[in-house]
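Structure record follows, encoded as structure tokens.
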Amino acid sequence: MGIILKSNREILKMRAAGRVVCAVLDTLEAACVPGVTTRDLNRIAERELAKANARSAFLGYRPGPVPAYPAVVCTSVNGVVVHGIPSDRVILREGDVVGIDFACFVDGYCADAARTIGVGIISAPARDLLDATRECLDRAIAQCFVGRRLGDVGAAVERHAESRGYSVVRDFVGHGIGRAMHEPPNVPNYGMEGTGMRLKAGMVIAIEPMLNAGKPDVRLLSDGWTVVTGDGALSAHVEHTVAITQEGPIVLTAA
Ligand code: MF3
Ligand code: CO
């Protein structure tokens, strides 16, 4: 299947979905305080979805012979890289870092974003990892001009992560997005400048760098979803849905 280019009208619909995603993440971010469970975060996200008349892109999602995803948000604490399942037994504590990943459909179009939040006061190394991960996403977005290539996007993430002393997770990648949460192309967080598909006006992609403080290797837990660092070191993940236009990138999931 090829790349599905979006019209300006479709990009506006995705912007509407992106505004909902951003508002829900704002609410979740404010709720990331000591004592809150990740299940509480899921309940908050369910309530916000209902208020916005939006449909979860995660609940029941089943990308193959795996259990359907059972929640509306992914909550990935400390050494969990991505796809942590909200639980009553996971209580946020001061110093934790929690990745919150949320996507929804509004009027048939999807937007997808993630942030990694520090709970209370976090250590200097944890803060540095969060800052570096965010910088990688900014540098990737800065490559999102017509005529640049997917390899330029990946290389921007990889180069910055490694210059800051972190490793890039290779087992998961960003993706095209539109009427479905996952469309072609894959958007890796590594690559070589000047290689890969050229970006075209009307492409919409979700860019989602995952950085590990230790080695890049990850492991899947027996629940079929939770992805953890192989060495137990801290990990961070951020994501935005970005439209490529003749006028430059539009971050659809920003405020
Ligand atoms: N934002 C993630 C992605 O782009 C989360 C999807 S996993 C799900 O793949 F099961 F929760 F949907
Ligand atoms: Co995504």
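The values are calculated or read from the model by the stated rules, or taken from the named source; none is laboratory data. Owing to the predicted nature of the structure, the values given are computational and were not obtained by experimental measurement. Cβ: placed from backbone, ideal geometry, glycine included. Neighbour counts: every protein chain shown.
Identify, please: which residue in the stretch 143-164 is without any contact (Cβ under 8 Å) to a residue 40 or more places away in the chain, small (Gly, Ala, Ser) and out of contact with any Asp or Glu (no Cβ under 8 Å at 6 or more places or on another chain) and is, among those, farthest from MET197 (Cα to Cα)?
The selected residue is SER163.
Scan the stretch 29-45 and report the pairs whose first residue is at positive phi and whose second residue is surrounded by 18 or more Cβ atoms within 10 Å (Cβ to Cβ), with Cβ atoms within less than 9 Å and a gap of 6+ or a chain change.
Filtered contacts from the stretch 29-45: GLY35/LEU92.
Select from the stretch 50-65 the residues that are among the aliphatic types (A, V, I, L, M) and within 18 Å of the chain's Cα centre (by Cα) and list them in ascending order.
ALA57, LEU59
For the condition surrounded by fewer than 14 Cβ atoms within 10 Å (Cβ to Cβ) and either under 30 Å from LEU199 (Cβ atoms) or not hydrophobic (A, V, I, L, M, F, W, C) (or both), what is the one hit in GLY2, GLY18?
After ruling out the rest, the residue left standing is GLY2.
Could you tell me which numbered condition LEU130 fails, if it satisfies all but one of (1) more than 28 Å from THR37 (Cα to Cα); (2) more than 16 Å from ligand 2 (Cβ to nearest atom); (3) under 18 Å from the mean Cα position of the chain (by Cα); (4) crowded, with 16+ Cβ neighbours inside 10 Å?
LEU130 satisfies every listed condition except (1).
With respect to the numbered conditions (1) more than 13 Å from ligand 1 (Cβ to nearest atom); (2) under 21 Å from VAL36 (Cα atoms); (3) under 16 Å from the mean Cα position of the chain (by Cα), which one is the sole condition not fulfilled by PHE102?
Condition not satisfied by PHE102: (1).
Please find, among VAL218, VAL173, VAL157, VAL153, the residue that is more than 13 Å from ligand 1 (Cβ to nearest atom), surrounded by fewer than 22 Cβ atoms within 10 Å (Cβ to Cβ) and either more than 26 Å from VAL90 (Cβ to Cβ) or under 17 Å from the mean Cα position of the chain (by Cα) (or both).
Exactly one residue qualifies, and that residue is VAL218.
Would you be able to say whether some residue in the stretch 33-52 is under 25 Å from PRO216 (Cβ atoms), modelled with pLDDT of 95 or more and surrounded by fewer than 20 Cβ atoms within 10 Å (Cβ to Cβ)?
No, the stretch 33-52 contains no residue that is under 25 Å from PRO216 (Cβ atoms), modelled with pLDDT of 95 or more and surrounded by fewer than 20 Cβ atoms within 10 Å (Cβ to Cβ).
Could you list, in sequence order, the residues of the stretch 196-255 that are more than 16 Å from ligand 2 (Cβ to nearest atom), among the aliphatic types (A, V, I, L, M) and not in a strand (DSSP E or B)?
If the condition is that a residue be more than 16 Å from ligand 2 (Cβ to nearest atom), among the aliphatic types (A, V, I, L, M) and not in a strand (DSSP E or B), then MET197, LEU199, ALA201, ALA213, LEU221, ALA233, LEU234, ALA255 are the ones that fit.
So for the stretch 141-150 (the condition being more than 16 Å from ligand 2 (Cβ to nearest atom), modelled with pLDDT of 95 or more and charged (D, E, K, R)), does at least one residue qualify?
Yes, there is a match, as at least one residue in the stretch 141-150 is more than 16 Å from ligand 2 (Cβ to nearest atom), modelled with pLDDT of 95 or more and charged (D, E, K, R).
Restricted to the stretch 180-207, and to residues that are among the polar types (S, T, N, Q) and surrounded by fewer than 23 Cβ atoms within 10 Å (Cβ to Cβ), which residue is farthest from ligand 1 (Cβ to nearest atom)?
THR195
Please go through the stretch 46-63 and give me each residue that is over 17 Å from ALA114 (Cα atoms), away from ligand 2 (no atom under 16 Å from the Cβ) and without any contact (Cβ under 8 Å) to a residue 40 or more places away in the chain, ordered by number.
ARG47, ALA50, LYS51, GLY60
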